[in-house]
Amino acid sequence: MRDEFGPVTLVYGNGAMFVDPYKPIPPFQPLQREPFKTNQEAISKACQITEGCQSLNIVDESNVVLWNVVQLREECAKRLQQQKAEKKARKPIQPPSR
């Protein structure tokens with residue numbers, strides 16, 4: 001999906017997606033919906049919150065899922081690796097100590 005594609009909506013939540021029939025029902029956690037002008041903006045936000053979310057999707061105006069939680073986590077991991085590589089490449093080379 002193109003970075004400039006939009007508008008899109010980031011849909012996320014922290015509550016359990018499935019209920020264990022042998023355990024007490026956890027408190028209901030409603031899903032949050034956050035609109036973004038572009039796919040890039042939504043992915044950036046998703047990367048900030050991905051660790052704490054059980055449910056994480058980016059949908060288009062028709063509520064068609066463009067990115068699911070697995071795809072978003074993979075994309076965020078890839079972007080983090082790119083950022084680390086860029087940071088390492090920008091780091092000045094230290095002259096050898098004498």
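Taken together, the values in this text are just the output of simple stated rules run on the coordinates, not laboratory data. These figures come from a predicted structure and were not determined experimentally.
Some notes on this structure:
- Taking a straight Cα-Cα cut-off under 16 Å and skipping sequence neighbours fewer than 8 places away in the same chain, the lysines within cross-link reach of K45 are K37, K78.
- For W67, residues with placed amide H under 5 Å, excluding near neighbours: I58
- Scanning residues 5 or more positions from F5 or on other chains, those with amide H under 5 Å from its amide H are N39, Q40, with H placed 1.01 Å from N in the peptide plane.
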